[in-house]
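Below: the structure, in structure tokens.
The values are calculated or read from the model by the stated rules, or taken from the named source; none is laboratory data. Computed from a predicted model, the values in this text were never measured in an experiment. All Cβ positions, even for glycine, are placed from backbone atoms using ideal geometry, and neighbour counts span all protein chains on display. All accessible areas refer to the heavy atoms of the entire protein, side chains included, with ligands and DNA or RNA removed. Shrake-Rupley method; radii C 1.70, N 1.55, O 1.52, S 1.80 Å.
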Amino acid sequence: MYLSKLFIPITKDLPSEAKIKSHQLMLRAGMIKQSAAGIYSWLPLGFKVMKKIEQIVREEQNLIGAQEMLMPTIQSSEIWKESGRYDDYGEEMLRIKDRQGREMLYGPTNEELITDIFRASVKSYKSLPQILYHIQWKFRDEVRPRFGIMRCREFYMKDAYSFDLSDEDAKKSYNKMFYSYIKTFNRLGLKVIPMAADTGPIGGDLSHEFIILAETGESQIYTDKKIFEIDVNKYDSSDNSLQKMREDFLSIYTATDEKFNEEEFNKEVKKENQIKMKGIEVGHIFYFSDKYSKPLNCLIDTKDGKKITVKMGSYGIGVSRIVGAAIEANYNKDIMKWPIAISPFDVVIIPSISKNNKENLQKAENIYKELKKQNIDALLDDVDENMSNKFKKHDLIGIPYQIIIGSKSEEDKFEFKELNSKSEILNLEDIKFKLKKK
Ligand code: 5CA
């Protein structure tokens, strides 16, 4: 993509409510545009990042055997009345009447709808276990939407639902999802901490939040650095291995404000390992047994002819929130550096251009074509402006690698720079090799 063709309305003017780095950066780099309070349009650059996150989430869900489907955003109130949550959900639920006067709602989550689909389709123990998921917009009428897309009203979520015959099996599904989440966030290039959590309006008695450390987070976190040393690749998806993984995580001190105990923390965690920081919740998993299947009468025939309620859990990832969280975790001293897996482009080519010297642009175009052949997604900054402005702009866009064609480059060697590190002078073959390795 040539930068001159990219729809990227970079702006300097920021609204006063843009208080945190990610909100400011996303507006300034033209990634999103607010269309109403807590409701945003995703412009090409922001959309591209979000789609990359979505695809990694999808691939990791598929790897544990979860099956993708798609449920609508608009739901009927009937099933919510059956579960008892139509009244409980309160003002956070956006309620709509259709032309027949039927009560509808914009889904804030899908436990009821998926249970309704399941009870109509599955009757026998032979069809279990199952994990179904979709990636769909949700609406929650937050009292105080803030921080841009981090706490907004309309947001994009991956929500998965597991169905099992027994509570014991349901906990195995829960462990599988726990494992998948750690792998997902590792692939996204984000350091995540699983924390035992309260279940809130979703319910149940077992729940974990997945938190990314960032000063602007809403949750206070206390933990031990050792948590980042657990290598999830040493486990596999067998029940025993997953149980061991859960125990290994459990053995390390983690607490939010509500559960924090200073004395315990100092006893269990060495001073130099102590982390006391704010964090952003990017995922949340719940095990709630038959909280929904019971009122919705979702019954399964067992092998010995009995009828039992199906045991369930639900598992959310805030796909759109992760875009902001990744910025909060990586934007430092006015320089943004995307983790390569979710960067909007793999590399940006920045030629120094002037009206009477088009030679650098020509070189840049040749490099661009070469990279394209190798499936390397490059952005070519063909805009005619001075290099210092260009660098400022790219500090904002945050593509982690730059090929600079200017005063330091030679006939067939170019300046190759990873953001926040020293540059090297390399020929194109070496640059391609380096980029391919990333
Ligand atoms: N049904 C369950 C799991 S599928 C559920 O809805 N869980 S949740 O309420 O914790 O939401 C899942 C994830 O969505 C959260 O971890 C968070 O990352 C994201 N999320 C929740 N509310 C918002 C919001 N207002 N704006 C942006 N993202 C949000």
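What part of the accessible area of the chain, given as a whole %, is carbon or sulfur when the probe is 1.4 angstrom?
48 percent
How high is the relative contact order of region 103-237, given as a whole-number percent (alpha carbon pairs under 8 Å, six or more residues apart)?
Relative contact order of region 103-237: 17 percent.
Could you identify which residue out of Ser180, Ser423, Ser121 has the top mean-square fluctuation in a GNM of the chain using Cα springs shorter than 10 Å?
Answer for the Gaussian network model of the chain: Ser121.
At most 14 other Cβ atoms within 10 Å and a DSSP loop assignment: could you name the GluC sites (Glu not before Pro) in region 338-409 that fit?
For GluC sites (Glu not before Pro) across region 338-409 that sit outside H, G, I, E and B with at most 14 neighbouring Cβ atoms in 10 Å, the list reads Glu385.
Show that you can apply the helix-only estimate: for the chain, add -39,500 (n - 2.57) for every DSSP H stretch of four or more residues, divide by all residues, and state [θ] at 222 nm to the nearest 500.
After summing the helix terms and dividing by the residues of the chain, the value is -9500 deg cm²/dmol.
State to the nearest 20 debye the size of the charge dipole of the chain about its Cα centre, where the only charges are +1 on K and R beta carbons and -1 on D and E beta carbons.
940 debye
Which shape class applies to region 71-190: rounded if a/c is under 1.5, otherwise prolate when a/b exceeds b/c and oblate if not, where a ≥ b ≥ c are the square roots of the Cα gyration tensor eigenvalues?
Oblate is the answer for region 71-190, as a/c is 1.5 or above yet b/c matches or exceeds a/b.
Taking +1 at the Cβ of each Lys and Arg and -1 at the Cβ of each Asp and Glu, which of Leu14, Ile96, Leu63 sits farthest along the dipole of region 1-97 towards its positive end, judged by Cα position relative to the Cα centre?
Result: Leu14, furthest along the dipole toward the positive end.
In the chain, if the dipole is taken from +1 on Lys/Arg beta carbons and -1 on Asp/Glu beta carbons about the Cα centre, which of Gln136, Ala341, Pro108 is farthest to the positive end?
Among Gln136, Ala341, Pro108, the one farthest towards the positive end of the dipole of the chain is Ala341.
Whole-Å semi-axes of the chain's equivalent ellipsoid, largest first, each the root of 5 times a Cα gyration tensor eigenvalue?
Largest first, the chain gives 43, 25, 22 Å.
Viscosity 0.692 mPa s, temperature 37 °C: what is the translational diffusion coefficient of region 351-407 from Stokes-Einstein with a Kirkwood Rh over Cα pairs, rounded to a whole number of µm²/s?
Answer, rounded: 274 µm²/s.
In debye, nearest 20, what is the charge dipole magnitude of region 14-111 about its Cα centre with +1 on Lys and Arg Cβ and -1 on Asp and Glu Cβ, if you could check?
680 debye
Choose one of Val122, Thr256, Gln24: the residue whose Cα lies farthest towards the positive end of the charge dipole of the chain (beta-carbon charges +1 Lys, Arg; -1 Asp, Glu; about the Cα centre).
Comparing the listed Cα positions along the dipole, Gln24 ranks first.
Note down the net charge around Ser83, summing +1 for each Lys or Arg and -1 for each Asp or Glu among other residues with Cβ under 13 Å from its Cβ.
-3
I want the local charge near Lys158. Using Cβ-Cβ distances under 12 Å, sum +1 for each Lys or Arg and -1 for each Asp or Glu among the other residues.
Here the count lands on -2.
What list of ³J(HN,Hα) values in whole Hz, one per residue of region 217-230 in order, does the Karplus curve 6.51 cos²θ - 1.76 cosθ + 1.60 (θ = phi - 60°) give from phi, with Gly and Pro shown as x?
My calculation for region 217-230 gives x, 9, 10, 8, 10, 10, 7, 10, 3, 4, 4, 7, 8, 5 Hz in order.
Taking square-rooted eigenvalues a ≥ b ≥ c of the alpha carbon gyration tensor, is region 5-60 rounded, prolate or oblate, where a/c under 1.5 means rounded and, failing that, a/b exceeding b/c means prolate?
Cα axes put region 5-60 in the prolate bin.
Can you compute the FRET efficiency between Asn261 and Asn356 using 1/(1 + (r/R0)^6), with r the Cβ-Cβ distance and R0 = 60 Å? Round to the nearest 0.05.
0.30
Between Gln55 and Met387, what is 0.36 nm times their sequence separation minus the Cα-Cα distance? Round to one decimal in nm.
So the chain would gain 116.1 nm between Gln55 and Met387.
So between Lys413 and Glu91, what do we pick up on full extension, going 0.36 nm a residue minus the alpha carbon distance?
Gain on stretching Lys413 to Glu91: 109.8 nm.
For region 280-360, report the translational diffusion coefficient in µm²/s to the nearest whole number, using Stokes-Einstein at 4 °C, 1.567 mPa s, and a Kirkwood Rh over Cα pairs.
Value of D from the Cα-based Kirkwood radius: 72 µm²/s.
At 0.36 nm per residue, and after removing the present C-alpha to C-alpha distance, how many nm does the segment from Lys436 to Ser423 gain when stretched out fully?
2.9 nm
Suppose a student asked you for the relative contact order of region 139-199, using Cα pairs under 8 Å spaced at least 6 residues apart; what percent would you report?
It comes to 16 percent, rounded to a whole number.
What is the list of residues in region 204-225 whose amide nitrogen lies under 11 Å from a point 7 angstrom out from the Cα of Asn273, following Cα to Cβ?
What the label zone holds, given the 11 Å backbone N cut-off, is 224-225.
With every protein chain left in place and a probe of 1.4 Å, what is the accessible surface of Glu281, to the nearest 10 Å²?
So the heavy atoms of Glu281 present about 60 Å² to solvent.
Residue by residue, what Karplus-based ³J(HN,Hα) values in Hz, rounded to whole numbers, does region 418-424 have, using 6.51, -1.76 and 1.60 with θ = phi - 60° and x for Gly and Pro?
Residue by residue, region 418-424 yields 9, 3, 6, 9, 6, 8, 10 Hz.
Take the alpha-carbon positions of region 126-172, form their convex hull, and give its projected area averaged over all directions (one quarter of the hull surface) in nm².
Averaged projected hull area, Cα only: 4.7 nm².
Among the listed pairs Lys372/Lys413; Lys5/Lys333; Lys48/Lys373; Lys51/Lys171; Lys259/Lys294, give every one whose C-alpha distance is greater than 23 Å.
Pairs exceeding 23 Å: Lys5/Lys333; Lys51/Lys171; Lys259/Lys294.
Note down the nm distance, to one decimal, between modelled labels 7 Å out along Cα→Cβ at Lys306 and at Gln100.
Between Lys306 and Gln100, the simple spin-label model gives 4.0 nm.
Grab every C-alpha pair in region 201-315, bin the distances at 5 angstrom width from 0 up to the longest one, and report whole percents.
Bins of 5 Å from zero give 2, 9, 14, 17, 17, 14, 10, 7, 5, 3, 1, 0 percent of pairs.
Determine which residues of region 299-313 fall in the zone a paramagnetic label at Glu82 would reach in this model, i.e. backbone nitrogen under 14 Å from the point 7 Å along Cα→Cβ.
299-300, 310
Just for the Cα atoms in region 1-94, what are the lengths along the principal axes, largest first, rounded to whole Å?
The Cα atoms of region 1-94 stretch 53, 38, 22 Å along their principal axes.
What base-10 log of the normalised intensity I(q)/I(0) is obtained for region 126-213 from the Debye formula, alpha carbons as equal point scatterers, at q = 0.14 Å⁻¹?
Result of the Debye calculation: -0.66.
With the Cα gyration tensor of region 306-438 giving a ≥ b ≥ c as the square roots of its eigenvalues, does the rule (a/c under 1.5 for rounded; else a/b larger than b/c for prolate; else oblate) give rounded, prolate or oblate?
Prolate shape, in that a/c is at least 1.5 and a/b is the bigger ratio.
Count charges around Asn375 for me, please; just the other residues with Cβ under 10 Å from its Cβ, Lys/Arg as +1, Asp/Glu as -1.
Overall, the nearby charge balance is +1.
Normalised by the residues of region 35-147, what does the relative contact order come to in percent, with Cα pairs under 8 Å and at least six apart?
Rounded, it is 34 percent for region 35-147.
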